[in-house]
Amino acid sequence: DTEVTQTPKHLVMGMTNKKSLKCEQHMGHRAMYWYKQKAKKPPELMFVYSYEKLSINESVPSRFSPECPNSSLLNLHLHALQPEDSALYLCASSQPQAARKLFFGSGTQLSVL
Amino acid sequence: GENVEQHPSTLSVQEGDSAVIKCTYSDSASNYFPWYKQELGKGPQLIIDIRSNVGEKKDQRIAVTLNKTAKHFSLHITETQPEDSAVYFCAAAGLNYGQNFVFGPGTRLSVLP
């Protein structure tokens, strides 16, 4: 099983809303990632958790707040987003060592109004 | 840092023909090169990968070749089918980049029936 499950698939929110994106994997991977992808562009790394600890934060604005409750779950809490934050948000997982197979979920298509 | 270029940006082929997408990388320390296929509305799917100690790898109709000296690697798809139509991303990774992957800008492949 190489599945990474993301919910919801689609999300529309206003700039004053608070929402959360959820991700789950059962491959025993100890690294989990959040990527942001704009249309016709490659994924851009936002955060990496290794062994449930934040290991990489690519200078992401504080209106995005990641959380890793356990080794299988990853959340991204959203607050006071801007219209330019509209994008496809992808969760991924891998073994925690460098240069390992990276598996993506199907993503959450986020629209900020 | 690492930079990955990818060509062509768009590619149209007739069903049954072969398709080749090429990527070049800049950091000779990169040692892992995956290829992803992304269909509309879905997350990137790992379709094949190669490590720097191997020159070629094949999986049914798809193959990847790596030339370490020239620092380029290519995706080959034979006997293309309409369901091969998608955006393809190459990427590079290595110890210098930890858990980060550097993606190419993508190639939109259209297989015409």
Restricting attention to region B:13-45, report how many residues are among the hydroxyl-bearing types (Ser, Thr, Tyr) and touching a Phe, Trp or Tyr at 6+ places or on another chain (Cβ under 9 Å). 5
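Take residue B:94 and tell me if it is among the small types (Gly, Ala, Ser), surrounded by 18 or more Cβ atoms within 10 Å (Cβ to Cβ), within 28 Å of residue A:36 (Cα to Cα) and modelled with pLDDT of 95 or more.
On the way: among the small types (Gly, Ala, Ser): yes; surrounded by 18 or more Cβ atoms within 10 Å (Cβ to Cβ): yes; within 28 Å of residue A:36 (Cα to Cα): yes; modelled with pLDDT of 95 or more: no.
No; evaluated as a whole, the condition is false for this residue.
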Only one residue in A:110, A:74 is surrounded by 15 or more Cβ atoms within 10 Å (Cβ to Cβ), over 29 Å from residue B:33 (Cα atoms) and more than 8 Å from chain B (Cβ to nearest Cβ), so which one is that? A:110
If we scan region B:7-18, do we find a residue that is touching a helix residue (DSSP H, G or I) at 6+ places or on another chain (Cβ under 8 Å) and surrounded by fewer than 19 Cβ atoms within 10 Å (Cβ to Cβ)? yes
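Do you know which of the residues in region A:2-34 that are touching a Pro at 6+ places or on another chain (Cβ under 7 Å) and outside any loop (DSSP other than H, G, I, E, B) is farthest from the other protein chains (Cβ to nearest Cβ)?
Only one residue fits best here, namely A:34.
Mind telling me which of the residues B:83, B:5 ends up being modelled with pLDDT of 95 or more, over 11 Å from the mean Cα position of the chain (by Cα) and not basic (Lys, Arg)?
Result of the check over B:83, B:5: B:83.
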Quickly run through region B:58-113 and pick out the residues that are small (Gly, Ala, Ser) and either closer than 18 Å to residue B:28 by Cα or away from chain A (no Cβ under 11 Å) (or both). B:63, B:70, B:74, B:85, B:86, B:91, B:92, B:93, B:94, B:98, B:104, B:110
Being within 20 Å of residue A:27 (Cβ to Cβ) and free of Cβ contacts under 8 Å to residues at least 40 places away in the same chain: is that true of residue A:70 here? yes
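Of all strands (runs of 3 or more DSSP E) completely enclosed by region B:1-57, which ones contain at least 2 residues that are away from chain A (no Cβ under 12 Å) and touching a Leu at 6+ places or on another chain (Cβ under 7 Å)? Give the steps one after another, and end with the answer.
Values: elements: B:4-7, B:10-14, B:19-25, B:32-38, B:45-51.
Once the strands (runs of 3 or more DSSP E) in region B:1-57 are filtered for at least 2 residues that are away from chain A (no Cβ under 12 Å) and touching a Leu at 6+ places or on another chain (Cβ under 7 Å), what remains is B:10-14, B:19-25.
The values are calculated or read from the model by the stated rules, or taken from the named source; none is laboratory data. Computed from a predicted model, the values in this text were never measured in an experiment. Glycine also receives a Cβ, built like all others from the backbone with ideal geometry; neighbour counts cover every protein chain displayed.
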